[in-house]
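Working notes, structure below.
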Amino acid sequence: MAKKPIKAIEALEEAQKIAFAPFVFQTTISLRKLGILDYIFENSRDGVTSQKQLSEALNITEYGLSVLLEIAESSDIVSQDEEGNYELTKIGYFLNYNKMTEANLNFTQDVCYQGLYHLNEAIETGKPAGLKELGPWPTVYEGLSQLPSKVQNSWFSFDHFYSDEIFEEALPIVFRHQPKTLYDIGGNTGKFAILCAKYNPEVDIKIFDLPGQLAKALENAKKNGLENRIKGQEIDWLSQKPEITEGADTIWMSQFLDCFSKEEILKILTTCVNSMSDTTELIIIETFTDRQKFDNARFTLEATSLYFTAMANGNSKMYKASEFIDLATEAGLTVKEDLAIGEFHTMLVCRKSQ
Ligand SMILES: C[S@@+](CC[C@H](N)C(=O)[O-])C[C@H]1O[C@@H](n2cnc3c(N)ncnc32)[C@H](O)[C@@H]1O
């Protein structure tokens, strides 16, 4: 990335923003939680959003409002007119009403905030040292089905926000090949498996996941009356010799391989290749850092990498597409199609190399 010229005074200012970033973040959480941003947005047009009026309407002390709103104004989240009435800036509006920002804020606050304190230890040990703040598991995936409901909701909302949008777009591509048996590796809550079963009445799906997550996915399949077409197999890809049966027409891996180190990804892909016939398609969906149109999207992926480091497993990250293509080739796959899908995703359609 090209170096941007910046004056020393501005650089010093930026450095203070970083030094106090958690203060601004927690202020934002409070402004949302206490309904302050909602109230300001809904009432600023009527000119009744002075500190005193907010205090009376929301039953928050003027002291409490003053400390939150002062730093919010300096951080360009709110602004004040000559009469002292607050309104939301564009940043404030997005912090309160944008769905992506909401998923990111809740994920940061509920899943990552306390654990990130242990980031340094995670880097030194290669272990997700922050995970102890959530529970006693070796990786977050063993704990997913047992997380406290608020934490779990924020984890799933974040995960689903970045995958749901592409599922609909992916279905016609997946079913071009008319698969009769589809393996969903890392099927999570069963969302994609259920969509597939509803989209095509002839396909049978097998979900592969850790025991806790698989039980949830199969429960969801049953709730949708699809227990005869969606089955599952427990698997731990970190075990000595994980295996999957032959017979898949399509192997689907959405935002799954980024949960592993490069060595582990190679092992998973090689295991899959050993189960594939010449006509099996292996489809990888990922958000790659080198495939983002906007710096902002790349920033989100870089932050997600730190979640993997401190909270999830200590050794995975969001990768470049070029790294995945190399790993796929090494595992014995040929990338037949490399498609941009949705706003952030790439789909790699692979076959066994001949
Ligand atoms: C980030 S989620 C992706 C979920 C889904 N495919 C999607 O696109 O939203 C990763 C999934 O991989 C599973 N997983 C993580 N580590 C695993 C392991 N060691 N063995 C088996 N599954 C694992 C998790 O339980 C989870 O369901």
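Run through the DSSP bridge list for the chain and note the antiparallel percent, rounded to the nearest 5.
Numbers: 16 of 34 bridges.
Here the share of antiparallel DSSP bridges comes out near 45 percent.
Cβ neighbours within 10 Å, averaged per peptide: list 252-261, 160-169 in order, most packed at the top.
Numbers: 252-261: 21.5, 160-169: 16.6.
Per-residue Cβ counts within 10 Å, averaged per peptide and sorted highest first, yield 252-261, 160-169.
Normalised by the residues of the chain, what does the relative contact order come to in percent, with Cα pairs under 8 Å and at least six apart?
Numbers: 535 pairs, mean separation 48.7, N = 354.
Worked out over the chain, it gives 14 percent.
Using the Cα atoms of region 122-213 to build a convex hull, what is its mean projected area in square nanometres? Walk me through the intermediate numbers first.
Numbers: hull surface 29.1 nm².
Orientation-averaged projected area of the Cα hull: 7.3 nm².
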Kyte-Doolittle mean at least -1.0 and Cα axial length at least 30 Å: DSSP H helices in the chain: 149-175
Average accessible surface area per residue within region 160-352, 1.4 Å rolling probe, Å²: 43 Å²
Fraction of accessible area attributable to carbon and sulfur, the chain (%, probe 1.4 Å): 54 percent
Global size of region 217-338 as Cα Rg and Dmax, reported in angstrom: 15.9, 45
Antiparallel content of DSSP bridges confined to region 160-352, in %, to 5: 40 percent
Set of lysines near Lys241 by C-alpha distance (under 24 Å), chain-local residues within fewer than 8 positions excluded: Lys127, Lys206, Lys231, Lys262, Lys267, Lys317, Lys352
Per residue, in Å², the accessible surface of region 38-131 once ligands and nucleic acids are set aside, probe 1.4 Å: 58 Å²
Theoretical ellipticity at 222 nm over the chain - DSSP helices of four or more residues, -39500 (n - 2.57) apiece, nearest 500: -14500 deg cm²/dmol
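Could you list the trypsin sites (Lys or Arg not before Pro) in region 242-298 that lie in coil according to DSSP, counting only those with at most 16 other Cβ atoms within 10 Å of their Cβ? Mind showing how you got there, number by number?
Working: sites: Lys262, Lys267, Arg291, Lys293, Arg298; in loops: Lys293.
Here the trypsin sites (Lys or Arg not before Pro) that fit, given the DSSP loop and packing criteria, are Lys293.
Taking every pair of alpha-carbon atoms in the chain, give the share separated by more than 29 Å as a whole percent. Please report the intermediate quantities before stating the final value.
Values: 30280 of 62481 pairs.
Tail fraction, whole percent: 48.
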Taking only Cα atoms of region 8-97, radius of gyration then Dmax in Å: 13.3, 43
Cross-link reach list, lysines versus Lys150, counting only Cα pairs under 22 Å and skipping chain neighbours closer than eight places: Lys33, Lys99, Lys132, Lys191, Lys216
Centroid-to-centroid separation of region 89-132 and region 175-223 [C-alpha atoms, Å]: 29 Å
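Jot down the per residue volume, in cubic angstrom and as a whole number, of the convex hull over the alpha-carbon atoms of region 151-281.
Values: hull volume 14.6 nm³, N = 131.
Cα convex hull per residue, to the nearest whole number: 111 Å³.
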Net dipole in debye of the chain [+1 Lys, Arg Cβ; -1 Asp, Glu Cβ; about Cα centre; nearest 20]: 760 debye
Positive dipole terminus of region 160-352, leading residue within Gln255, Ala170, Thr181 (C-beta point charges): Thr181
Residue with peak Gaussian network fluctuation, the chain [Cα springs, cutoff 10 Å], from Tyr113, Tyr199, Tyr141: Tyr199
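So what is the orientation-averaged projected area of region 295-354, using the convex hull of its C-alpha atoms, in nm²?
Numbers: hull surface 19.4 nm².
Convex hull of Cα atoms, orientation-averaged projection: 4.8 nm².
The values are calculated or read from the model by the stated rules, or taken from the named source; none is laboratory data. Since the model is a prediction, treat every value here as computed from it, not as a measurement. Neighbour counts run over all protein chains shown; Cβ positions are idealised from the backbone, glycine included. What goes into the accessible areas is simple: the full protein's heavy atoms, side chains included, and nothing from ligands, DNA or RNA. Shrake-Rupley method; radii C 1.70, N 1.55, O 1.52, S 1.80 Å.
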